[in-house]
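Notes to accompany the following structure.
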Amino acid sequence: MLEIKNLHAEVDGEKILKGLNITIPKGEVHAIMGPNGSGKSTLANVLAGKEDYEVTKGSITWNGADILEMSPEERAIAGVFLAFQYPVEIPGVATMTFLRTALNAVRVGRGEPELTTPDFMRLVRAKAEELQISPDMLKRPLNVGFSGGEKKRHEVLQMELLEPSLCVLDETDSGLDIDAVRIVSEGVNSLRSPERAMLLITHYQRLLDYIVPDQVHVLSDGKIVRSGDKSLALELEESGYAEYGEQAA
Amino acid sequence: MDMQANALTTEAEQGFVELYDAARAKLPGADNAWARELRDQAMRDYAAIGLPSRRVEEWKYTDLRRLLGEAYAPAPALSEALGHDDIRAILGDGLAALDCHSVILVDGHLRHELSDFGFAGDKGEAISLGEALATPPKWLKAGFGKVNPPKSEAVLALNAAFMSDGIVLRIPAGLEITKPIHIIHVHTAKRPVGITTRNFVSIGKGAKVTLIESFFSVSDAASQHNVATELDIGDGAQVSHVKLQCENQEATHLATWMTRLGASAGYRAFQFTTGAALSRSQIFLAVAGEGASANVSGAFLLRDRQHHDTTLVVDHVAAHCESRELFKAVLEDDARGVFQGKIEVHPHAQKTDAKQMAQGLLLSETAEFDSKPELIIFADDVVCGHGSTSGQIDDESMFYLRSRGIGEAQARSLLIQAFAGEAIELIEDEVLRDVLLGIVANWLTKRNA
């Protein structure tokens, strides 16, 4: 179970999260929606352990463990995974080298043996094919020359490989056409399990047509201001975020 | 006017003159008038200018006059008995596995019993510099010192004055030498020595060759290695040229490459530097024939108080040519890396396409990267560009890797390897590329230790 209690966080002295509370039991998928600047991406980065984000108050525990005490790599080993909104391009690091290094680091951290190269190759190829990631893409440097959609599919590929127990997806649908949303959603849905919790961070409800959440929360000015079932997302789609502090476009 | 009195002020500067006087009669070619005059003239040239100081623009960041404390006497010919197994151990498994023609120089003296000279074909010629100076072939006399030489260059003058050995090679037109020629320099002397080597390579039209120059120390003692290579590349020839400098931390390494590229010829050069306390690599490249293309790149990894300077001058003399340069410097502790890159496009060199990039990665607060790119363009229809960056390891990249479970040290290593790797990937030979990536990985291991 993910428990976030009274979370306050700031970046460069600017207070962004101002007392956020949320609880996601194992097996559930929750969505956080909210206007731009409400703190959605800050929450994602705080969960993954980005150093620029300072938690000034509150707690985050995952299955009872205090993750705020952990380094980003320790969190990954403990099962936390953030699918980035903007995955960084790293020229010079081969995608396959990266995937193998990450997978083995996580496996070793969890007390499992490293995968042999043939086993690793088989695993990646099978998962990549499901996500329609071409072998050519995997030969490129990490995220370099990937389209927006390819980057997001690659994030989901990593998620499938690392088998996290807490998946945080930050605007995974942004910049995707409808076919790509479907492919990505199928990948995410295949990971739904009674042992796994998921947090979807999104501005639009479109993704939630494909990954149907158990609960929807509205984040505004650093706090959860409303929670409800999936119908809340549709309501927001109708009315927009005007009442939550964002000007209508 | 007595220029010597004005020019030679330091102990090292005067030391070279005294050492030359003492060694002159014993140097290879001492009985040959041409060789003798070549050396004497070089010494006169040196004496007129002395060692370069920071007042010489090209040496602004590497004040050799100040940095060179004394001049070391030329290394004696025979120091240690080395066998093939020793050479393999010195090279390491990766490089030893490279299938090549090896030419071995120990303390600047060519060891015929360890070397393989069978690569020039019936119509070509491959001899040692020592032999060539004693009985110089006509073609050597005609070309020596004339392949795109820099003006008033004291280091090069000292090279000609003291040169002891190296290879003199004429590759006939059309010959493709399939295996790389690997010139391996090993420093063994237990006392401080001067090592001066010189290579002269003339490559016929349409010929194809890969030349590798590598530098290793088995001794911990200090040394001053001055090496120069002239490369005259004929029309349509394809040449790969790689330098690997892994000398010990007491070494001074001064290298000069002079290259002239004929029409439609291709030249791919790479310099990898991780050794020596003080090193300078000067590369003078004339893109002299129409339609030629060159890629000159490199990487240097330095730590402690190491100082390395790559100074590159590319002259675009002919039209429709292309040149590319990518240099990467990884610097930690108090190390200092210098890159000076000058591209000059001459008036007739229309349609020149020249691009240069130098990037420094600073791993400590006290490391320093000095980069001076220069473009001088006298033609009006060209595409030229240069860039330079200097920075630290990117926080966003670090976070991305760590968020995937990769530990901090390993993530840093991956990013440093990636940074240097971008340049190393330009090397065509896969074995060589892997050897260099392996050296980078090894360098990083020492870092994390």
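The values are calculated or read from the model by the stated rules, or taken from the named source; none is laboratory data. Everything numeric here is computed off the predicted structure, so don't read it as measured data. Backbone-built Cβ (ideal geometry, glycine too); neighbour counts: all protein chains shown. Surface accessibility is based on the protein's heavy atoms, side chains included, excluding ligands, DNA and RNA. Shrake-Rupley method; radii C 1.70, N 1.55, O 1.52, S 1.80 Å.
Residue by residue, the stretch B:290-297 carries 3J(HN,Hα) couplings of 4, x, 7, 9, 9, 10, 10, 9 Hz when phi is fed to the Karplus relation 6.51 cos²θ - 1.76 cosθ + 1.60 (θ = phi - 60°); x denotes Gly or Pro. In the protein assembly as shown, helical runs assigned H by DSSP with n ≥ 4 each contribute -39500 (n - 2.57); averaged across all residues and rounded to the nearest 500, the mean residue ellipticity at 222 nm is -9000 deg cm²/dmol.
Reducing the stretch A:1-71 and the stretch B:50-77 to their Cα centroids gives an inter-centroid distance of 59 Å.
For chain A, the longest principal axis of the C-alpha atoms and the axis of helix A:117-130 are separated by about 50°. Residues B:Ser293, A:Ser38, B:Ser264, sorted by accessible area with the largest first, give B:Ser264, B:Ser293, A:Ser38 [1.4 Å probe; ligands and nucleic acids excluded].
Across the options B:Gly360, B:Ile195, B:Gly94, the greatest Cα extent toward the positive end of the charge dipole of chain B (unit charges at beta carbon of Lys, Arg, Asp, Glu) belongs to B:Ile195.
Charge dipole of chain B (Cα centre as origin; +1 on each Lys and Arg Cβ, -1 on each Asp and Glu Cβ, all else neutral): 400 debye, rounded to the nearest 20. When nucleic acids and ligands are ignored and a 1.4 Å probe is applied, A:Thr101 ends up with an accessible area of around 20 Å².
Axis angle, to the nearest 10 degrees, between helix A:178-190 and the longest C-alpha principal axis of chain A: 80 degrees. Taking a ≥ b ≥ c as the square roots of the Cα gyration tensor eigenvalues, with a/c under 1.5 meaning rounded and otherwise prolate when a/b beats b/c, else oblate, which class fits the protein assembly as shown? Verdict is prolate for the protein assembly as shown.
One Cα centroid belongs to the stretch B:403-418, the other to the stretch B:145-223; the line between them spans 38 Å.
Angle of helix A:148-162 to the longest C-alpha principal axis of chain A, folded into 0 to 90 degrees and rounded to 10: 70°.
A dipole drawn for the stretch A:33-124 from +1 and -1 charges on Cβ atoms has a positive end, and of A:Pro72, A:Thr101, A:Ser38 the residue lying farthest that way is A:Ser38.
Accessible area of A:Glu150 (1.4 Å probe, protein heavy atoms only, ligands and nucleic acids ignored): about 40 Å².
Ligands, DNA and RNA are left out, and with a 1.4 angstrom probe the accessible area of chain A is 44 Å² per residue.
For the stretch B:78-395, with all protein chains in place and a probe radius of 1.4 Å, 48% of the accessible heavy-atom surface sits on carbon or sulfur. With a Förster radius of 41 Å applied to the C-beta separation of B:Glu113 and B:Ser152, the computed FRET efficiency comes to 0.55. Among beta bridges from DSSP that stay inside the stretch B:259-350, the antiparallel ones total about 0%. Rounded, prolate or oblate: which one fits chain B, using the alpha carbon gyration tensor with axes a ≥ b ≥ c (rounded when a/c is under 1.5, else prolate when a/b beats b/c, else oblate)? Rounded. Take B:Cys246: with every protein chain present and a 1.4 Å probe, its accessible area is about 30 Å².
Once phi is turned into ³J(HN,Hα) by the Karplus curve 6.51 cos²θ - 1.76 cosθ + 1.60 with θ = phi - 60°, what whole-Hz value does each residue of the stretch B:419-436 show in order, with x for glycine and proline? Going residue by residue, I get 4, 5, x, 4, 7, 4, 4, 6, 6, 6, 5, 5, 4, 5, 4, 5, 4, 5 Hz, with x marking Gly and Pro. Put A:Lys18, A:Lys151, B:Lys190 in order of accessible area, highest first, and with a 1.4 Å probe you get B:Lys190, A:Lys18, A:Lys151. Charges were assigned to the Cβ only: +1 to each Lys and Arg, -1 to each Asp and Glu. The resulting dipole of the protein assembly as shown about its Cα centre is roughly 1020 debye. Note every residue of the stretch A:39-76 with a reduction of at least 30 square angstrom in accessible area, all protein chains present versus the isolated chain, computed with a 1.4 Å probe, or write none. When all protein chains are present, A:Lys50, A:Pro72, A:Glu73 each give up 30 Å² or more of accessible surface. For B:Ala263, nonlocal amide neighbours, meaning residues 5 or more places apart or on other chains whose placed amide H falls under 5 Å from its own, are B:Asp235, B:Gly236, B:Gly289, B:Glu290. Dipole size of the stretch A:105-249 about its Cα centre, with +1 on Lys/Arg Cβ and -1 on Asp/Glu Cβ: approximately 560 debye, rounded to the nearest 20. Sorted largest first by accessible area at a 1.4 angstrom probe radius, with every protein chain in place, the residues A:Lys40, A:Lys223 fall in the order A:Lys223, A:Lys40.
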